[in-house]
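S.K.: Here's a structure for you.
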Amino acid sequence: MALEVIKNYKSLIVDYSFIRRFGGTRILSEFLDIVTSERIDVYVSRSFKLMHYCVIHQADDKTSAAASAMRDFCTMLLPDKLLHSVQVTETSQFLAKMSLVEGVCLVMADRGILMKRLREKKPSFIGDICVLGEDGAPALYHSIDELLAANPEEQLSTLASADKYLDVPFCNIGDTVTTGNGERLVLEKRVSAGAEGMVFTTTDPKVVAKIYHKGIITPLRWKKLQTQVKMGINSVGICWPKDLIFFRNVPVGYTMIVGKGKTLGNVFDGPDALLNAIPDCKRLDIVTTLADLLEKYIYLHMFGIVAGDIQMKNALIYSPNSIYLIDMDSVQVGNLPCPVGTEEFTDPKLWGKNFAGFLRKLEDEDYSIAMLVFSILFCGLHPFATRNGAETLREEILEKNFPYSLSGVSEEHIPKGGYDHIWEYLPDNLRSMLFKTFRGGESYEAIEWYEAVSAYKDALSAHEYEDEEAYKAFPKMDYVATDPNPISKPRFTPPVKTSNPDSPFKKAVESMRASETMPSGQSAIARRIMYDPNAPGNNLNNNKNDSSDGNKGGGGMFGIFKNRRQ
Amino acid sequence: MAENSINASDFGTSTKRRLPICFCLDTSGSMMGNPIKQLNQGLSNFIASIKANDDTRSATDIAIITFGSSVEIVMPFGKIGNEGLPEINASTTMTPIGEGILTALELLNARKEGYKEQGIKYYQPWLVVITDGAPQGPNAMANMELAIKACNELEKEDKLVIFNIGVGNSVDFDILKRVSIKREEPISVSSGDFGKLFEFLGSSSSSVVSSGMSDDALYNLSTEPEDESVDVDDFFKFMEE
């Protein structure tokens, strides 16, 4: 029995990584047998349950055992009153509290969120730590220092600094490519184009193919794709690389599941854009979208991934119940860094650094998560968008010119348009967390944001607020759609996930139907659904602004300019 | 002259960081005929492509000024509608480039003040000057010197991105070059290339607002990747090492 060692303790702390990794295996059943027969007390933090939600909501077959594992865990421990939930979420506070329990041992898996948090925060903890490796073999440590010494931090891959790129053959519509599995796919229609490459539909209706431009496949990129494909994350809302793609035996790209909708940045872009995309959008829809996004990012964290380049264009929204993370080929996986990022969403202490030159920490990601929380709750507004403020956004960020206050005074710097009312109607704890983050420079773990946002969502769902204004996307404002152009199209008649007859998604579909016979003018031209092969006008000619042309690898456009004095 | 009163409705409700672009276009007599036709066509394609792209539609802010017999604000900021652009016509023998640029700078400055007042984030503005000749008319040279000085100061402080573009062979490239201290040489095109020029400006503006391309990159027209290109065998060999 590998887990005999836990018999020596009267109390155990179980981290969620243990359930996720060993759910459905004999290790978990062995653990439960020992705990019940020896009557050992088991303590979990609040993040234990929250992380479980993040996992089961992904419906990933990779983690399908987690649901039954949790059921076993609870049904075996609860009746015997052996399971104790400690009402603390943050890692250091939880371990500080648990240090008061005599003879306690922390049980965790060797990789995952907690290992990273311990390394980054170095919290104080009195107790032993039992770390289970890939095969379930336990290693026992008597302190966090000892644990960290035995499990050194991963070093940045040397591939990250390679200044080489693969000379790829050009492939386009009609070409037959081969996947890593030997499957042959034909590129059918180009559905989008960006700085790095183009996305095509293929003869396999379940996947699209991303084909890179010249100069984009570096050793780092290819190694990362190989690793990602092996990891096999398979959640509907995460457009994870599924297989590699070769053309004439040369790597050219990868396949992924089809995401649909518009980017968050184009939907969460002030009242007009939001209400035109999701007519009758309510605060609950906004908070549902945000909770869903946080669950996805936390889920990725569990696999040792740091998203790195979190921003409003790296996710698509089709409806508040249907969100897709995209551009997953840039994320940090293990020791393979995320080489990109934006100033607006990145912790200012990382500005000016070469993003390919270091491994990002979860703590770095916490800032980007806070940015995302604010940006979604405020329908696209940047926390440092300030009236009559500094010359540049950069200065506003560095000076922490957050125009909102907890006391409600001197709020004349908040941009006009009803954002002061959004702030006014937020739950107190969210206001406090946002204020402390953007004014005070404090940091909250992603799971803490998820907890606060989930509570807000529950309160809205349960209609806990008396003031009806609290349920509006823009409280106290009377915005209406100016040029309705709902994201969800009736032609797909996709399954409506919610049974709520008043769901904004359904209404969006209905209003779309009603207006279909009317001339749609400019909005019909402007309408564009990424990755949606069936969208009208969504072919290659619609992508005149292909940003690749302004970047390396795009080429072509500059040939016209003569250097006058050659 | 530039309007100083700020009307909130001219700014829309988008929360996107804005890129204000002021076109400053030569409509002197030498532009008559095909060049002005090409210019109109290029400009309207540029606007159409901005409007067709979700990323640029609400982020790009455009104004158009012409300089010919006088300086005219053909389209102020925030007035881009569905009805399309007014037709630009060429006339007369005068080329008040300096006055045109000074008016453009006033417009850009007023727009920036508007952003600040509204709490809208913005990228540093673009001034796109397109001319086929040299400053001509009363006080044209003196005003040109003032314009050059103003442009140089703003550009030096990273508060303005300048595209100084000469069309054809009659351009006074020496004076046009002085408009920018960062661009090594003015961009030189033939009027037949207006289409490509505006496509380039469109894709560059899109790169700024959707990929966060740095302003410095706008002064560097090189297109080849900087790293070393290797074939597939070398690539895999390298990865294994």
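No lab work stands behind these numbers, since they all come straight from the coordinates. Quick caveat, the model's predicted, so the values are computed rather than measured. Heads up, the Cβs are rebuilt from the backbone with ideal geometry, glycines too, and the neighbour counts pull from every protein chain shown.
S.K.: Going highest first, how would you order B:38-49, A:428-439, A:306-317, A:171-182 by mean Cβ packing within 10 Å?
M.R.: A:306-317, B:38-49, A:428-439, A:171-182
S.K.: Would you mind computing, in nm to one decimal, how far apart the modelled labels at A:Q87 and A:R394 are, each placed 7 Å from Cα along Cα→Cβ?
M.R.: 4.7
S.K.: Using the structure shown, select from A:K313/A:K472; A:K116/B:K16; A:K416/B:K159; A:K49/A:K121 the pairs with a Cα to Cα distance greater than 30 angstrom.
M.R.: Over 30 Å apart, Cα to Cα: A:K116/B:K16.
S.K.: Treat each spin label as a single point 7 Å out from the Cα along the C-beta direction, and report the A:K189 to A:L350 distance in nm.
M.R.: 3.6
S.K.: Just check region A:9-150 against the gyration tensor rule for me: Cα atoms, a ≥ b ≥ c as the square roots of the eigenvalues, rounded for a/c under 1.5, and otherwise prolate or oblate depending on whether a/b exceeds b/c.
M.R.: Rounded, since a/c falls under 1.5.
S.K.: Same structure again: Pop the C-beta distance of A:S161 and A:A139 into the FRET formula with R0 = 25 Å and round what comes out to the nearest 0.05.
M.R.: 0.15
S.K.: Hey, got the average number of other protein chain Cβ atoms within 10 angstrom for residues in A:242-255?
M.R.: Working: counts 0, 0, 0, 0, 1, 0, 1, 1, 4, 3, 0, 0, 0, 0.
That works out to 1 on average.
S.K.: Among DSSP bridges having both ends in chain B, what percentage is antiparallel? Round to the nearest 5.
M.R.: Taking every DSSP beta bridge with both residues in chain B, the antiparallel ones total about 20 percent.
S.K.: Then there is this: Given a Förster distance of 22 angstrom, what is the FRET efficiency for B:K182 paired with B:A142, based on the Cβ-Cβ distance and rounded to 0.05? Present the calculation step by step, with values, prior to reporting the outcome.
M.R.: Details: r = 24 Å, r/R0 = 1.10.
Efficiency, rounded to the nearest 0.05: 0.35.
S.K.: Can you list residues whose amide H is under 5 Å from A:V86's amide H, if they're 5+ apart or on another chain and H is modeled 1.01 Å from N?
M.R.: Amide H to amide H, under 5 Å and 5 or more residues apart or across chains, A:V86 pairs with A:V44, A:S45, A:R46.
S.K.: Neighbour counts of other C-beta atoms within 10 Å: give me B:M141, A:M98 arranged from fewest to most.
M.R.: In increasing order of surrounding Cβ atoms, one gets B:M141, A:M98.
S.K.: Using the Cβ atoms and a cut-off under 11 Å, what net charge is assigned to the surroundings of B:T95, where Lys and Arg are +1 and Asp and Glu are -1?
M.R.: -4
S.K.: Cut-off under 18 Å on the C-alpha distance; same-chain residues fewer than 8 positions from A:K164 excluded. Which lysines are left, in chain and number order?
M.R.: A:K214, A:K223, A:K224, A:K552, B:K237
S.K.: What does the average come to when, for each residue of peptide A:215-222, you count the partner chain Cβ atoms lying within 10 Å of its Cβ?
M.R.: Across the residues of A:215-222, the mean count of other-chain Cβ atoms within 10 Å is 3.
S.K.: Strictly greater than 32 Å: what percent of every Cα pair in region B:19-219 meets that?
M.R.: 8
S.K.: Shape call for region A:262-492 from the C-alpha gyration tensor, a ≥ b ≥ c root eigenvalues: rounded (a/c under 1.5), prolate (a/b greater than b/c) or oblate?
M.R.: It comes out oblate by the Cα gyration axes.
S.K.: Per residue, what volume in Å³ does the Cα convex hull of region B:93-147 take up?
M.R.: It is 78 Å³ per residue.
S.K.: While we're on this one: Just counting partner chain Cβ atoms within 10 Å, what average do the residues of peptide B:199-205 show around their Cβ?
M.R.: Mean number of neighbouring Cβ atoms from other chains: 6.
S.K.: Continuing with the same structure: Say a site is exposed when it is one of the GluC sites (Glu not before Pro), sits in a DSSP loop, and has at most 16 other Cβ atoms within 10 Å; what is then the longest site-free stretch of chain A? Intermediate values should be presented prior to the final figure.
M.R.: On the way: sites that count: A:E102, A:E134, A:E153, A:E154, A:E183, A:E343, A:E391, A:E399, A:E411, A:E412, A:E442, A:E464, A:E466, A:E516.
The reported range is A:184-342.
S.K.: Quick check: convex hull over the Cα atoms of the protein assembly as shown, volume per residue in Å³, rounded to an integer?
M.R.: Working: hull volume 138.2 nm³, N = 807.
So the per-residue hull volume is 171 Å³.
S.K.: Which shape class applies to region B:11-75: rounded if a/c is under 1.5, otherwise prolate when a/b exceeds b/c and oblate if not, where a ≥ b ≥ c are the square roots of the Cα gyration tensor eigenvalues?
M.R.: Since a/c reaches 1.5 but b/c is at least a/b, the shape of region B:11-75 is classed as oblate.
S.K.: Could you compute the FRET efficiency for A:N249 and B:S91, with r as their C-beta to C-beta distance and R0 at 56 Å, rounded to 0.05?
M.R.: Working: r = 62 Å, r/R0 = 1.10.
The pair A:N249/B:S91 has a calculated efficiency of 0.35.
S.K.: Count the net charge of all other residues whose Cβ sits under 11 Å from the Cβ of A:S375, scoring Lys and Arg as +1 and Asp and Glu as -1.
M.R.: -2
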